[in-house]
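Data first, discussion second: the structure below is written as structure tokens.
The values are calculated or read from the model by the stated rules, or taken from the named source; none is laboratory data. All values reported here derive from a predicted model rather than from experimental measurement. Methodologically, a virtual Cβ is constructed for each residue, glycine included, from the backbone with ideal geometry; neighbour enumeration extends over all protein chains shown.
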Amino acid sequence: MVAQTLEKKTQNMKHYPRVAVVILNWNGRFFLEKFLPSVYNSTYPNVEFVLGDNASTDDSVAFVEEYYPTIRVIRNNENLGFAGGYNAVLSHVEADYFVLLNSDVEVTPSWIEPVIAYLESQDQMVAAQPKIRAYHAKGDFEHAGAAGGFIDKYGYPFCRGRFFHIVEQDQQQYDDNSEIFWASGAALFIRASAWRAAAGFDADFFAHMEEIDLCWRLKRMGYRIGYVSASTVYHVGGGTLSTSNPKKTYLNFRNNLVMLQKNLPFFTACWVIFARMWLDLLALIKFLADRKPRDAWAVSRAHQHFLLYFFRNASKRQRHMAPENEKGQYTKSIIWAFYVNKIQKFTALKVDNFK
């Protein structure tokens, strides 16, 4: 019923806002060759396709220029990461909405229309994601976003359809359009004016959790973030850094602490970060027990970096903001729910424990 309603709204849109689908590439010839056809065949009538390149050393840009000459190419002079790369590229793009799309994503033909219709119909809703399923197991949700992102009291992100390494099959249990806490950077729709108002990503993050930080900052500005089930994309995942890469471990642990420092109220940030330091120590010990010394060292380096740049990141804290929209925050510990209470599905969490 929800999907049918949105479809009617889409069909009745007299004005199609201008949409720029922007793919950030770094040595991604394989993924571009495999997935650009699906993107290029999108049915939305007012769309521009942009390839932002992070100083690739392969022939991915040459491939796009030869086989997709209508796709605009914007080159960065160096690899600025996901965060800095998109900041640089989007500064040269004009549109009503930006769609930040990973190169390892296959889309369905009408994937844009339902999300734009939803954003156009909802007050203060400035960013959203589609349903994200796994490319190699298309009946399952995918790790990076699934059916919308949430966050617990200690800053641990999780998704409807994905708890830690456990992913659910899509059995239409999340076929709604709803407000969430954060939208996945794998397929992030965002109003261009909101992107500029928030000054885009924090480039210091380089990669990982920058979209959660951005969504949190938008919510602190009084905006809302959404999930649209009527749009589906299929994500490979791990296209740049595999899930077992120590650099990914380092970025996740470091960026999560910085995100908490930037976005939590001061006194809340103090005790949450203190608690997280101890929880991270447990993670470090587990990495050692699992014979993953490089990941353990990555956690240590993340803490060192966080403390080294503590005051610089403290200066990024936003002040005098509108009352924060706390929708999507889980007031308990997702770690406790998963490991102690053995909860492995979003639907098993008590509704009363969400703001």
| said: Against the definition (basic (K, R) and modelled with pLDDT under 95), how does R160 come out, yes or no? | reply: no
Quick count over the stretch 172-199, residues being part of a loop (DSSP other than H, G, I, E, B) and surrounded by 20 or more Cβ atoms within 10 Å (Cβ to Cβ), is 7
(message) One residue is enough: does the stretch 223-231 have a residue meeting the conditions surrounded by fewer than 24 Cβ atoms within 10 Å (Cβ to Cβ) and assigned to a loop (DSSP other than H, G, I, E, B)?
(response) yes
Of the conditions (1) surrounded by fewer than 23 Cβ atoms within 10 Å (Cβ to Cβ); (2) out of contact with any helix residue (DSSP H, G or I) (no Cβ under 9 Å at 6 or more places or on another chain), the single one that A88 does not satisfy is (2)
Of the conditions (1) closer than 24 Å to D204 by Cβ; (2) at pLDDT below 95, the single one that Y339 does not satisfy is (1)
Residue count, the stretch 100-148, condition assigned to a helix (DSSP H, G or I) and either at positive phi or of a type in the set (F, W, Y) (or both), comes to 1
Review point. Going by the conditions given, is A146 in contact (Cβ under 8 Å) with a residue 60 or more places away in the chain and either assigned by TED's automatic domain parsing to the domain that holds L214 or surrounded by 22 or more Cβ atoms within 10 Å (Cβ to Cβ) (or both)?
Key: no
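Is there a residue being over 30 Å from I166 (Cα atoms) and surrounded by 23 or more Cβ atoms within 10 Å (Cβ to Cβ) anywhere in the stretch 92-107?
yes
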Pairs returned, first residue in the stretch 30-46 that is in the same structural domain as A20 (by TED's automatic domain parsing), second residue that is of a type in the set (D, E, K, R), beta-carbon separation under 6 angstrom, 6 or more apart or interchain, are F31/D104; F35/E106; S38/E106; Y44/E113; N46/R18
Within the stretch 305-355, restricting to residues that are over 23 Å from the mean Cα position of the chain (by Cα) and among the aromatic types (F, W, Y), the one that is surrounded by the fewest Cβ atoms within 10 Å (Cβ to Cβ) is F311
Do we have M259 as within 24 Å of F206 (Cα to Cα), buried (at least 18 other Cβ atoms within 10 Å of the Cβ) and at pLDDT 95 or above here? yes
Of the residues in the stretch 1-39, those that are modelled with pLDDT under 95 and in a helix (DSSP H, G or I) come to V2, A3, Q4, T5, L6, E7, K8, K9, T10, Q11
* Residues in the stretch 255-270: is at least one over 16 Å from D152 (Cβ atoms) and touching a strand residue (DSSP E or B) at 6+ places or on another chain (Cβ under 6 Å)? -> no
Flag if Y227 is in the same structural domain as I212 (by TED's automatic domain parsing), within 22 Å of the chain's Cα centre (by Cα) and on the phi < 0 side of the Ramachandran plot
yes
